[in-house]
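The values are calculated or read from the model by the stated rules, or taken from the named source; none is laboratory data. No experiment lies behind these values; they were computed from the predicted model shown. We place every Cβ from the backbone using ideal geometry, glycine too, and count neighbours over all the protein chains shown. To get the accessible areas, we keep the full protein, side chains included, count just its heavy atoms, and leave off ligands, DNA and RNA. Shrake-Rupley method; radii C 1.70, N 1.55, O 1.52, S 1.80 Å.
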Number of protein chains: 2
Amino acid sequence: MYTLYFQHFNSKVRLTEEEQELIKSYLTLKKLRKKQYLLQEGDVCKVIAFVEKGALRAYSVDENSNEHIIQFGLEGWTISDLYSFLTGEPATYNIDALEDSELVLISKSAHEELLQTMPKYETFTRLNITGAYLAMQRRLTSIISASVEERYQDFINLYPHIVQRVPQHMIASYMGLTPETLSRIRKRISSK
Amino acid sequence: MYTLYFQHFNSKVRLTEEEQELIKSYLTLKKLRKKQYLLQEGDVCKVIAFVEKGALRAYSVDENSNEHIIQFGLEGWTISDLYSFLTGEPATYNIDALEDSELVLISKSAHEELLQTMPKYETFTRLNITGAYLAMQRRLTSIISASVEERYQDFINLYPHIVQRVPQHMIASYMGLTPETLSRIRKRISSK
DNA sequence: AAAGCACATTGATTCAAATCAATGCTTTTG
DNA sequence: CAAAAGCATTGATTTGAATCAATGTGCTTT
């Protein structure tokens, strides 16, 4: 419990035992069965979730009820509807579990209190959001400038573990493609 | 000089006069003529730039020498190749001025020192990157899930001032479209 | 003022991905 | 275990954006 969370924390900002215990007192654990929701569109997002074990996805649903995957969250990743969390507006994303999962949750009040009282937590938060920003920028750049085939190659190089664990049609959705198109791209690639 | 910068800073984290002077001692000013580069691909990005006046763009160039605009930076925005700035790797983006511009620059060493010595600067940085993350997530979501026409509508609603000041083919580039396509989309929209 | 560019528009054609549809395979689940 | 559901693949067709090409217009720039 909390192992991976503090492993990540310490790799970015070194904590003493006492600091670790203090932070732990602000966190809660949650298990999610496959297909269970962590968040549904329209609800306010109350937590930021760190994935200790398992896999989740955040996705939006458009007017034609097509799902568009915004983000995957595997072990070591953080997942949330940050906009809703920060503003208190209703969430525009759904988040659910692709596998049975274990999460470390932090509530808004806990998050704010830690930010204000513990400089190391603010540093951790800053580094986390910076990493997320850079990852998203890479994704955006590749969408705008690369061919679909290159983008898939980039994806499997960057996230080989996701390719293993997540159904292909969800990767298609993450890439903004139909499952048929992704299947044909894989065929093209493998015939080389 | 620095007016807009500190206006922004104070709107996020309130500073005393003395703190303001202290920070000012870490900043430098730079003027850029239209078409001048702030950063060229391959160089290491040495600064984060805050736009006091004018307009810039960050863009990448692909193997067919097509330009892809990653970001615009108008008054009040921050622009940089953050990945290069943080890692010291060569930049993958170019940044240049679309108009004569005035920038407030912070170097890496200044940035790091302020982060370590001044909690308010870290908070400011965290809030800035969080805002940038949310803006980019909105853009990404719209690319993945909305039609090109909706995306353009969203863009002009969100950034009407950019539409005024930036040539249309650059907006097309920012949206990942050809200028011809954007022209036709505008025609379709206006004929309603 | 004239020449040369940069830019937006429009038309014709090509091309890549979406859509529609069907099949076989695997995994759930009743 | 059998039925059903979920998933990947393949084929045929449609659709929307890219490409190629030409024109007009307003700015620079010399």
What 222 nm value per residue comes from the helices of chain B, counting each DSSP H run with n ≥ 4 as -39,500 (n - 2.57) and dividing by all residues, nearest 500 deg cm²/dmol?
-15500 deg cm²/dmol
Between A:SER107 and the same site in the other copies, what are the distances in nm, shortest first, taking label points 7 Å from Cα along the C-beta direction?
4.7
Near the amide H of A:CYS45, under 5 Å away, which other amide H atoms are found, from residues 5 or more places off or on another chain, if H is placed in the peptide plane?
A:PHE85, A:ALA91
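Sorted by accessible area with a 1.4 angstrom probe, largest first, how do B:TYR26, B:TYR2 fall?
Reading off the accessible areas and sorting them downward yields B:TYR26, B:TYR2.
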Under the convention of a label 7 Å out along Cα→Cβ, give the distances in nm from B:VAL44 to the same position in every other copy, shortest first.
4.6
Whole-Hz Karplus couplings 3J(HN,Hα) for segment B:50-56, θ = phi - 60° and coefficients 6.51, -1.76, 1.60, Gly and Pro as x, run 9, 8, 7, 7, x, 8, 10
Please compute P(r) over all alpha-carbon pairs of segment B:36-111, binned at 5 Å starting from zero, and give each bin as a whole-number percent.
4, 18, 28, 25, 17, 6, 2, 0
For A:SER107, A:SER80, write out the residues from largest to smallest accessible area, computed with a 1.4 angstrom probe and no ligands counted.
A:SER107, A:SER80
Using a 7 Å offset from the Cα along the Cα-to-Cβ direction at both B:GLN36 and B:THR16, what is the distance between the two label points in nm, to one decimal?
3.7
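If Lys and Arg each add +1 and Asp and Glu each add -1, what is the summed charge of the other residues whose beta carbon sits under 12 Å from the beta carbon of A:SER173?
Working: positive: A:ARG57; negative: A:ASP62, A:GLU67.
Once all neighbours under 12 Å are counted, the net charge is -1.
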Determine ³J(HN,Hα), in whole Hz, for all residues of segment B:114-120 in sequence, where each value follows from phi through the Karplus function 6.51 cos²θ - 1.76 cosθ + 1.60 and θ = phi - 60°; x replaces Gly and Pro.
5, 4, 7, 10, 10, x, 5
What residue among B:PRO90, B:PRO160, B:PRO179 has the largest mean-square fluctuation in a Gaussian network model of chain B, using Cα springs under 10 Å?
B:PRO160
Give the Rg (one decimal place) followed by the Dmax (whole number) of segment B:147-192, computed from C-alpha coordinates and expressed in Å.
9.7, 25
Where the Cα pairs of the protein assembly as shown fall when distances are cut into 10 Å bins, in %:
4, 21, 30, 28, 14, 3, 0
Vicinal HN-Hα couplings computed from phi for segment A:122-131 (Karplus, 6.51 cos²θ - 1.76 cosθ + 1.60; Hz; Gly/Pro x)
5, 4, 4, 4, 4, 5, 4, 5, 5, x
On C-alpha positions alone, give me the angle between the axis of helix B:3-12 and the longest principal axis of chain B, in degrees, nearest 10.
90
Excluding ligands, DNA and RNA, what is the solvent-accessible area per residue of chain B at a probe of 1.4 Å, expressed in Å²?
50
Please go through segment B:27-123 and write out the trypsin sites (Lys or Arg not before Pro) that DSSP classes as loop and that have at most 15 other C-beta atoms within 10 Å.
B:ARG33, B:LYS34, B:LYS35
With every protein chain left in place, what is the accessible area of A:ASP100 in Å² (1.4 Å probe, nearest 10)?
90
Counting only C-alpha contacts under 8 Å and six or more residues apart, can you give the relative contact order of segment B:82-192 as a whole percent?
12
If I compute solvent accessible area with a 1.4 Å probe over the protein chains, what percent of it on the protein assembly as shown is carbon and sulfur?
50
In the neighbourhood of A:PHE9 defined by beta carbon distances under 15 Å, the net charge of the other residues (Lys, Arg +1; Asp, Glu -1) is -2
For chain B, what is the relative contact order in percent, using Cα pairs closer than 8 Å and at least 6 residues apart in sequence?
23
Just to be sure I understand the curve: with the Debye formula and one point per C-alpha of chain A, what is log10 I(q)/I(0) at q = 0.11, 0.15 Å⁻¹?
-0.54, -0.97
